[in-house]
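**Q** Can you read through this structure? Questions will come right after.
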Amino acid sequence: MTGTEPVVPDFQALAQPGVQRLRAYDPGHDLVALRREYSGSFLVELGSNENSHGPSPRAREAVLDVINELHRYPDPLGGDLKLTLASYHGLDTAQILLGNGSHELLMMLAQVFAGPGLDVVAARYGFAVYALAAQAAGANLRLADALPKEHAMSRGHDLTALAAQVGPDTRLVYVANPNNPTGTWFSSEALEHFLEAIPPQVLVVVDEAYHEYVTDPAVASALLLMERFPNLVVARTFSKGYALAGLRVGFIAAHPELVAVMERVRESFNVNGLALAAARAALYDQDHLDWVRERNTEERELLARQLRERGLFVPESQTNFLLVDFGREAAPLEAALVQRGVVPRPMVGYGLPTCLRITVGNRDENRRLLQALDEVLA
Ligand SMILES: *Cc1c(COP(=O)(O)O)cnc(C)c1O
């Protein structure tokens, strides 16, 4: 013992400027603590847009098949999954970059293509990760206004406003179709017009995390536009429609040369062996995905109707969640719901303090949600 206290560095000041300004991603409620508190009783988890219908049984089998290989590193290239993805989506394997969830890839895009002195464009009421990615890279975030609340695509992307934010220093534009947390969407035709308005050296990232839930025939995947627009990057995940959120696997599809540049910063073995096997098996089971989509559509429309009957503002959604506007501060309602074992996602961080984002669960979960809501609103 010397008697002098060790000097604790000022870590905040040591962080690079972009990170100094950053706040960590808010994953919503502490579900581990809530599960402990509610152990033995039924907790209705509707805060993270997880898929209550579960993954393909084939994905579970595929995981069991590799469970004896836990001492091995996974395939560093994820070759089998890339081949399956390439054949399913009509891509070349060189156009695919796999990620430990698509969140990782959205961050990497900004790390590689943005930075201090450069702009990243995203939309108000867009997915929180885009702002995080831009700021972590030290880039300047330019937020485009969203469509008004009263619009049919309530608070959704205004593609004209987005294009107007693109300037000479813009390197990346992030859009989600459908969007989280609004549930809104835009047509393939609208996307095409948008892409025509964007200079070819600006990368446009179209995040299709909820594409598997889409039923509107006006929306085809942006993957079909990749040949025409080499600056287009399409992000997909196995966390939502494929119900593999616990395994962490997603991918981007882009020009092979963009993928090659991003490969330089990809961590080795970033996608684990269980995830590689499960994702591949899930892709092969499109019948299961169709079943999930049908279940979700039916439950979403029913739940939306039931919420509207209670006088709440619930815009249309093409996803597995609803953005519910209570027309008054939602925090007390939300606390009362959590007290009753129902967990939605607060929207204060998105600048929507009167809203909660509620995942469409299975029939039983939705019924419990409505039951709790009726008590809370009474
Ligand atoms: C859930 C979600 C993702 C997917 O995240 P993962 O890291 O793949 O689990 C990406 N974008 C949006 C808009 C999402 O809502």
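**Q** Just to be sure I understand, how many residues within the stretch 316-343 are closer than 25 Å to Ala33 by Cα and basic (Lys, Arg)?
**A** Within the stretch 316-343, residues that are closer than 25 Å to Ala33 by Cα and basic (Lys, Arg) number 1.
**Q** Further, regarding this structure: Among Glu196, Glu189, Glu227, Glu267, which is the only one that is closer than 23 Å to Pro168 by Cα, of a type in the set (Asp, Glu) and surrounded by fewer than 18 Cβ atoms within 10 Å (Cβ to Cβ)?
**A** Details: Glu189 fails: closer than 23 Å to Pro168 by Cα; Glu227 fails: closer than 23 Å to Pro168 by Cα; Glu267 fails: closer than 23 Å to Pro168 by Cα.
Only one candidate passes the filter, namely Glu196.
Every residue, every condition in (1) surrounded by fewer than 20 Cβ atoms within 10 Å (Cβ to Cβ); (2) more than 28 Å from Glu189 (Cα to Cα), yes or no:
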residue	(1), (2)
Leu232	no, no
Arg236	no, no
Val249	no, yes
Asn272	yes, yes
Ala282	no, yes
Glu298	yes, no
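**Q** Pull up the stretch 216-252, narrow it to residues that are hydroxyl-bearing (Ser, Thr, Tyr) and within 12 Å of the ligand (Cβ to nearest atom), then point me to the one that is nearest to Ala86 (Cα to Cα).
**A** Per the stated criteria, the residue is Thr237.
**Q** Let me spell it out: the conditions are (1) more than 16 Å from the ligand (Cβ to nearest atom); (2) surrounded by fewer than 24 Cβ atoms within 10 Å (Cβ to Cβ), and Ala139 meets all of them except one. Which number is the exception?
**A** (2)
**Q** Pull out all pairs, ordered by first then second residue, where Cβ-Cβ is under 6 Å, the residues are six or more apart or on different chains, the first lies in the stretch 174-199 and is assigned by TED's automatic domain parsing to the domain that holds Asp119 and assigned to a helix (DSSP H, G or I), and the second is aromatic (Phe, Trp, Tyr) and away from the ligand (no atom under 16 Å from the Cβ).
**A** Short answer, once both residue conditions are applied: Leu195/Phe229.
The rows are residues; the columns are (1) out of contact with any strand residue (DSSP E or B) (no Cβ under 9 Å at 6 or more places or on another chain); (2) of a type outside the set (Val, Ile, Thr); (3) assigned by TED's automatic domain parsing to the domain that holds Arg236.
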{"site": "Ala278", "(1), (2), (3)": "yes, yes, yes"}
{"site": "Thr297", "(1), (2), (3)": "yes, no, no"}
{"site": "Arg308", "(1), (2), (3)": "yes, yes, no"}
{"site": "Glu334", "(1), (2), (3)": "no, yes, no"}
{"site": "Val342", "(1), (2), (3)": "no, no, no"}
{"site": "Tyr350", "(1), (2), (3)": "no, yes, no"}
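**Q** If I filter the stretch 6-23 for residues that are within 16 Å of the ligand (Cβ to nearest atom) and outside the structural domain of Arg248 (by TED's automatic domain parsing), do I get at least one hit? Spell out how you get there, then give the answer.
**A** So the first thing to find is which residues in the stretch 6-23 are within 16 Å of the ligand (Cβ to nearest atom), and the list is none.
The answer is no; no qualifying residue exists.
**Q** Next up: Hey, among the residues in the stretch 185-215 that are within 16 Å of the ligand (Cβ to nearest atom) and of a type in the set (Ser, Thr, Tyr), which one's farthest from Val112 (Cα to Cα)? Step through it out loud before you land on a result.
**A** Within the stretch 185-215, the first condition is being within 16 Å of the ligand (Cβ to nearest atom), and the residues that meet it are 185-186, 191, 204-214.
Filter again for of a type in the set (Ser, Thr, Tyr), leaving 210, 213.
Working: Tyr210: 25, Tyr213: 30 Å.
Out of the qualifying residues, it is Tyr213.
**Q** For the list (1) over 30 Å from Ser154 (Cα atoms); (2) away from the ligand (no atom under 16 Å from the Cβ); (3) surrounded by 19 or more Cβ atoms within 10 Å (Cβ to Cβ); (4) hydrophobic (A, V, I, L, M, F, W, C), I need the number of the one condition that Ala304 fails.
**A** (1)
**Q** Can you tell me which residues in the stretch 45-94 are within 16 Å of the ligand (Cβ to nearest atom) and under 18 Å from Ser268 (Cα atoms)?
**A** Hits for the stretch 45-94 are Gly78, Leu81.
**Q** Another question about this same structure. Can you tell me which residues in the stretch 101-114 are out of contact with any Asp or Glu (no Cβ under 8 Å at 6 or more places or on another chain) and within 16 Å of the ligand (Cβ to nearest atom)?
**A** In the first step, residues of the stretch 101-114 are kept if they are out of contact with any Asp or Glu (no Cβ under 8 Å at 6 or more places or on another chain); the result is 101, 103-105, 107-114.
Result: Gly101, His103, Glu104, Leu105, Met107, Met108, Leu109, Ala110, Gln111.
**Q** Yes or no: Leu162 buried (at least 21 other Cβ atoms within 10 Å of the Cβ) and within 30 Å of Leu244 (Cα to Cα)? Explain how you work it out, then say what you get.
**A** On the way: buried (at least 21 other Cβ atoms within 10 Å of the Cβ): yes; within 30 Å of Leu244 (Cα to Cα): no.
Answer is no for this residue.
The values are calculated or read from the model by the stated rules, or taken from the named source; none is laboratory data. Quantities reported herein were computed from a predicted structural model and do not represent experimental measurements. Cβ sites come from the backbone with ideal geometry, for glycine too, and all protein chains shown count toward neighbours.
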